[in-house]
């Protein structure tokens, strides 16, 4: 897999405006959303993990929105780790000394086979002590949501419920890609969470 994520891959999907799958403006808006959710929950973010950080489009806007946070980016690509200084690791194998307050895993797990992706989801629960922002391309996204001319089609397209079933073992779903670590001292009103059965009201 490492050979696949070379300079040519990132030039096509992230640096060439004619074929890029996203933009700096879109990722800056995503970072503001993530920081706003953490702020609303009252979650102090001191340690932040970007799991599969790619070219690092979320790094600067997240650090602007979360002053005082220490950013760690992990990547499987030797090219990107050499270029940007990311920690070279896979999501399912990364074992830091301490968990992170906030973990971002955006647009990564569709590149992993079922067994590897399942291990990665399980490890996200070990890596995160507070809030997870998670998204992955699904079958429904491929059919209805993505721009296929700009989206890498050489991926594993699964149903969204495949991810939800595994994420719910360690997290409670809020919605809009956000998940609360089970047992974290964070609460939401019942209608603010997609996981209504385990929602706890604010005091």
For the stretch 34-58 versus the stretch 146-190, the gap between their alpha-carbon centres in whole angstrom: 15
Degrees separating the helix 114-127 axis from the principal Cα axis of the chain, which is the longest one: 50
Packing-based exposure ordering (other Cβ within 10 Å, fewest first) of 142, 189, 86, 179: 189, 142, 86, 179
DSSP-defined antiparallel bridges as percent of all bridges, the stretch 7-198, nearest 5: 30
Spin-label model distance (nm) - residue 60 vs residue 11, 7 Å beyond Cα toward Cβ: 2.2
R0 of 22 Å, Cβ-Cβ distance residue 191-residue 140: FRET efficiency to nearest 0.05: 0.35
Pairwise Cα inverse-distance average, inverted: Kirkwood Rh of the stretch 7-198 (Å): 17.1
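Normalised by the residues of the chain, what does the relative contact order come to in percent, with Cα pairs under 8 Å and at least six apart? Present the calculation step by step, with values, prior to reporting the outcome.
On the way: 324 pairs, mean separation 34.9, N = 203.
Answer for the chain is 17 percent.
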Cα-based helix-to-principal-axis angle, 24-41 vs the chain, degrees rounded to 10: 20
Spacing of the two label points (7 Å from each Cα toward its C-beta) at residue 152 and residue 97, in nm: 3.3
Calculated FRET efficiency for the pair residue 165/residue 23, C-beta based, R₀ 35 Å, to 0.05: 0.65
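Every number here is computed from the coordinates shown, using simple stated rules; none is lab data. What you see is a predicted model, and the numbers here were worked out from it, not measured in a lab. Virtual Cβ from ideal backbone geometry, glycine too; neighbours counted across all protein chains shown.
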